[in-house]
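For reference, the structure discussed in these notes is given below.
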Amino acid sequence: MTEAIMTPLDQLKPRMRGTIHDLHVGKELARRMAGLGLRPGSTIEVIRRAPLNGPIQVRIGHTDLMLRRNEAAQISICLAV
């Protein structure tokens, strides 16, 4: 049986992937993120993390996005273990 671990997106290291569980953001930002493909149920992978608390590059499907760390911290990711 697989156990799921929940973690904020900003805690993932490069090459880690998981499924978006929830977005803990306001209605307007949630709508903008959904337009970019950041929706519950979507698989997301961290590509790289910029140094000095810079943005995080993520991949959803064939699309790469840069997210601010404070925005990434508000996205709950489900990791299968």
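For the chain, give the percent of accessible area contributed by carbon and sulfur heavy atoms, probe 1.4 Å, rounded to a whole number. The computed percentage sits at 53. With all protein chains kept in place, the per residue accessible area of the chain amounts to 66 square angstrom at a probe of 1.4 angstrom. Approximating the spin labels as points 7 Å out from Cα along Cα→Cβ, the THR43-to-LEU65 distance works out to 1.7 nm. Placing unit charges on the Cβ atoms only, positive for Lys and Arg and negative for Asp and Glu, gives the chain a dipole magnitude near 220 debye about its Cα centre. With a sphere of radius 13 Å drawn around the Cβ of ALA50, what net charge do the other residues whose Cβ falls strictly inside it have (Lys, Arg +1; Asp, Glu -1)? Charge balance in the 13 Å sphere: +3. Let me check I've understood the local charge: for LEU79, count other residues with C-beta under 12 angstrom from its C-beta, Lys and Arg +1, Asp and Glu -1. What total comes out? Surrounding charge for LEU79 is 0.
The values are calculated or read from the model by the stated rules, or taken from the named source; none is laboratory data. Note that the structure is predicted; figures quoted are calculated from it, not measured. Cβ atoms come from the backbone with ideal geometry, glycine included; neighbour counts cover every protein chain shown. Note: accessible area is taken over every heavy atom of the protein model, side chains too, but ligands, DNA and RNA are not part of it. Shrake-Rupley method; radii C 1.70, N 1.55, O 1.52, S 1.80 Å.
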